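These notes are about the structure you will find just below.
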Amino acid sequence: MSAPMLMSERALRRDPRYWLARIHALPRPESGVLRIMNVCGGHERTITHAGLRQALPDYLHMIPGPGCPVCVCPEEDIHAAVALSLMDHVIVATFGDMVRVPCNAPKREPRSLQDAQARGGRVVPVASPADVLILARQNPEKKIVFFAAGFETTTAPIAALLSQPGLPDNLLLLLSARQTWPAIAHLLDSDEAGFDALIAPGHVATIMGADQWRFVAEKHALPTAVAGFTPELLLQAIHAVMAQAARNSPQLENCYPQCVTAEGNARAQCLMDAVFTIQDAPWRGIGVFAESGYACRPALAGHDARVHFPQVFNDAEARRGEMPAGCDCARVVLGRITPPQCRLYGRGCHPRNPVGPCMVSDEGACRIWWSSGAVTPTDRAMA
Amino acid sequence: MTNPVIGTATGHDEFITLAHGNGGRIMRRLIETVFVRHLGNPWLSPLSDAAILPNRLESDHDLVFTSDGVTVQPLFFPGGNIGSLAVHGTINDLAVSGAKPLYLSVNTFLEEGLPLAQLQQIIASMAEAARACDVHVVTGDTKVLPRGLCGGIYFGISGIGVRPRGLTLGSDQIQAGDAVLVSGPVGDHGIAVLLAREQFGLSGTLESDSASVLPLTQAVLDLPGLRFMRDPTRGGLATVLHEIALATGLGIQLMAEQIPIRGSVQSVCDMLGYDPLYLACEGRVVAIVAAREADEALRLWQDLPQGREARRIGTVVPDHRRVLIKNEWGGERTLQELEDDPLPRIC
């Protein structure tokens, strides 16, 4: 008897309806609502595209937080990449999303890498660091600048690339990589965190370990669960934080043990540590977070675009903080407002003509909400 | 027998050169040993300026005429190549219009440097696809472009077919309450081509669905409740449904769990951030059928080898003008119009 019962329990756990029923069976929180933040564009995509907000109890507020690396890439790095792409001997290689991210440039100047490309700039979209290596070997007479924004999940393969023996001399890195947790620490240390529970990012935790998020539960006493990316895995994590809230016993729960361990991927961490240091770093429109950015170690100076083109970065630095007029991406990223609460959302800013990065990237909350049908400010119930 | 074009003896002619488009002897040899060799028939083979065709038009039929441009990278992919794809694409445009295709014209744009062996293979596939559908390539033209000006080979292809007079098929026939049917899994072609590009370090056994849909369209043509058919190519299923919503002012309500999607297609999409509902198919049909005949249409499709996985995936509704998709646990979202070429996401 027991074996088939176990099997059916396992099958049940793969059905979103099982978790929805268990969530609905939990008591409503005493405070009236429970605000659950996620920090991964992949989580936000699943929540929105699977319509979880409509299926979940209305006292759960699912808040997209800082989960889009493209969205937090500082504006000065985009200015620098645009300038580099227009130099004769340079090709800028970057992940597809970055090509369209706008910065605040005067009308006659290119405001994105796509604009630069139309004016003769050389920009090549790539899907992986391996593509950059091929590009560098195919174009020995050019400098290949790999403009890489990303969280730990993207940073690890870049570290692997840089660790390869025989790295071509013409391959340079413009690194805009960030750690994810400092943004959450920043929110939690502010007067109003804006959330009562956290869904921690499964991909980041695969690399860095679930324990990286322990501070949320132990220092700040907020229910925390690491989640996978399918609707049922997310619902399982949502159930976990709700149950913690109901018991009033915040802790770190790993709801994605299929991929995530407490310590993470030691080899990846070792590779990253060998080539990168951690330093204070600016986040687009938000400001500098302590110890939130990766930078090339001095031994890699020969491959560091920031060292190779100091003038370009000095010029770009002067434009830090210049944001497109009316763009509220920074507050969307921090979960302070929902996408439709931005004045530009669906009016001046949509995927055809994005004003800010959140409407460009597939990881951006605005793009995700828009592509799910919340197309105007009055549509907010849709997402 | 030594092929005079491939020229194994001298090795001169292993690649397309500008001379293959010069109008002279070398070009004539190319046409004879590649195009006429594979595609030859009583109307093409005289190589006259225009094909003189027998009138196969029955008195109670209308002519149906379509035209298509075909480019794909890479030229060869699991399940087909640009030659078979070109024929299937044009035949399918005629088929979903309710027509039986009869004749094709093929304009070929060759890039200097294209290996002749590849051209042979592409035109042989084209001929095989046409033969399988009882369609004849009756006229054509060949141009050679300098290296760098075209991705190996492009086709401009037109097709003529006939269909019964009085057949009323079109978006203006669609009514609220009609059923939405799809003839098989969506997104196979898009993902097969993506994998063939080997850009993402992914590989797999997935084949393109590139095929003629003529058996599918002919099977349901006699149903009085058949309103509309379309093959969801570029932009995929979601784009066809958008066009319907736009043309009719009606909405489409889809049931997510009913839409057939292969596990491998969904996995690649999950990894790269694509939505299979927006990926190209090259051998599927979307049909709008009166609800009372939906089961019959589905049975007719499922009886065919290419329609075994056909499903009823949704309903035409009067209460909105969107394409909405609802899953089995009550979540709902709008499928937006495709904005730009989907790019792989970065983490």
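An ellipsoid equivalent to the stretch B:84-220, defined through the eigenvalues of its Cα gyration tensor, has semi-axes of 30, 22, 13 Å when rounded to whole angstrom and sorted largest first.
In the full protein context, the protein assembly as shown carries 41 Å² of accessible surface per residue, based on a 1.4 Å probe and ignoring ligands, DNA and RNA.
Summarising the strand pairing of chain A, around 20 percent of its internal DSSP beta bridges are antiparallel.
Ignoring lysines fewer than eight residues from residue A:142 along the same chain, none have Cα atoms less than 23 angstrom from its Cα.
Candidates B:159, B:130, B:76 compared by Cα position along the dipole of the stretch B:57-209: farthest toward the positive end lies B:76, with charges placed on Cβ. As a fraction of the 1.4 Å probe accessible area of the stretch A:321-366, surface on carbon and sulfur atoms comes out at 46 percent. The relative contact order of chain B, computed from alpha carbon pairs under 8 Å that lie at least 6 residues apart in sequence, is 20 percent.
At q = 0.19 Å⁻¹, what log₁₀ I(q)/I(0) does the stretch A:1-81 have when each alpha carbon counts as one equal point scatterer in the Debye sum? With one equal scatterer per Cα and no solvent, log10 I(q)/I(0) is -0.94.
Just to be sure I understand: of the beta bridges DSSP finds with both ends in the protein assembly as shown, what percent are antiparallel, rounded to 5? Within the protein assembly as shown, antiparallel bridges account for around 55 percent of the total.
Charged side chains reduced to their Cβ positions (Lys and Arg at +1, Asp and Glu at -1) give the protein assembly as shown a dipole of some 320 debye around its Cα centre. Working ranking of peptides B:323-334, B:49-60 by packing, defined as the average number of other Cβ atoms within 10 Å per residue, highest first, is B:323-334, B:49-60. Measuring between their Cα centroids, the stretch B:28-87 and the stretch B:98-151 lie 7 Å from each other. The tail of the calculated P(r) for the stretch B:18-164, taken as Cα-Cα distances beyond 27 Å, holds 20 percent of the pairs. Split the accessible area of the stretch B:18-164 by element, probe 1.4 Å, and carbon with sulfur accounts for 53%. In the stretch B:191-338, taking the dipole from charged Cβ atoms about the Cα centre, the farthest positive-side position among B:263, B:240, B:298 is held by B:240. Note on the protein assembly as shown: Cα Rg divided by 2.2 N^0.38 Å, N the number of residues, gives 1.06.
When the Cα positions of A:24, A:8, A:81 are compared along the charge dipole of the stretch A:1-106, A:8 comes out farthest toward the positive end, with charges on each C-beta of Lys, Arg, Asp and Glu. In a DSSP loop and with at most 13 other Cβ atoms within 10 Å, the chymotrypsin sites (Phe, Trp or Tyr not before Pro) in the stretch A:1-90 are A:59.
Using the average count of surrounding beta-carbon atoms within 10 Å as a protection proxy, the listed peptides A:231-237, B:25-31 rank, highest first, as A:231-237, B:25-31. Taking every alpha-carbon pair under 8 Å whose residues sit at least 6 apart, the stretch A:330-372 reaches a relative contact order of 30 percent. Taking a span of 20 Å or more along the helix axis (Cα atoms) and a mean Kyte-Doolittle hydropathy of at least -0.5 as the rule, the DSSP H helices of chain B that qualify are B:82-96, B:116-132. Taking GluC sites (Glu not before Pro) across the stretch A:249-292, the ones in a DSSP loop with at most 12 further Cβ atoms lying within 10 angstrom of their Cβ are A:263. Shape analysis of chain B yields a ratio of the Cα radius of gyration to the Kirkwood radius, Rg/Rh, of 1.01.
In this structure, residue A:167 and residue B:197 have a Cβ-Cβ separation that, at R0 = 35 Å, corresponds to a calculated FRET efficiency of about 0.90. What a 1.4 Å probe finds exposed on the stretch B:171-334 is 46% carbon and sulfur by accessible area, rounded to a whole percent. Across the stretch B:171-334, the relative contact order, built from alpha-carbon pairs under 8 Å that are at least six residues apart, equals 43 percent. Principal-axis analysis of the Cα atoms of chain A puts helix A:16-25 at an angle of about 60° to the longest axis.
Within the straight-line cut-off of under 17 Å between alpha carbons, the aspartates and glutamates reachable from residue A:219 are A:189, A:191, A:192, A:196, A:211, A:253, sequence neighbours fewer than 8 places apart in one chain being disregarded.
Summing Cβ point charges (Lys, Arg +1; Asp, Glu -1) relative to the Cα centre of chain A gives a dipole of roughly 880 debye. Exactly which trypsin sites (Lys or Arg not before Pro) in the stretch A:196-272 are in a DSSP loop and have at most 13 other Cβ atoms within 10 Å? Answer in residue order: A:219.
For chain A, the longest principal axis of the Cα atoms and the long axis of helix A:231-247 meet at an angle of about 60 degrees. A Förster radius of 35 Å combined with the Cβ-Cβ distance from residue A:280 to residue A:89 puts the calculated FRET efficiency at roughly 0.65.
With the highest mean first, a sort of the peptides A:306-313, A:351-358 on other beta-carbon atoms found within 10 angstrom per residue produces A:351-358, A:306-313. Using all pairs of distinct alpha-carbon atoms, the Kirkwood hydrodynamic radius of the stretch B:198-347 works out to 16.6 angstrom. Using only side-chain charges placed at the Cβ, +1 for Lys and Arg and -1 for Asp and Glu, the dipole size of the stretch A:74-124 relative to its Cα centre rounds to 260 debye.
The values are calculated or read from the model by the stated rules, or taken from the named source; none is laboratory data. As the structure is a prediction and not an experimental result, all values here were calculated from the model. With ideal geometry, Cβ positions are generated from the backbone for all residues, glycine too; neighbour counts draw on all protein chains shown. Side chains are part of the model used for accessible areas, which takes the heavy atoms of the whole protein and leaves out ligands, DNA and RNA. Shrake-Rupley method; radii C 1.70, N 1.55, O 1.52, S 1.80 Å.
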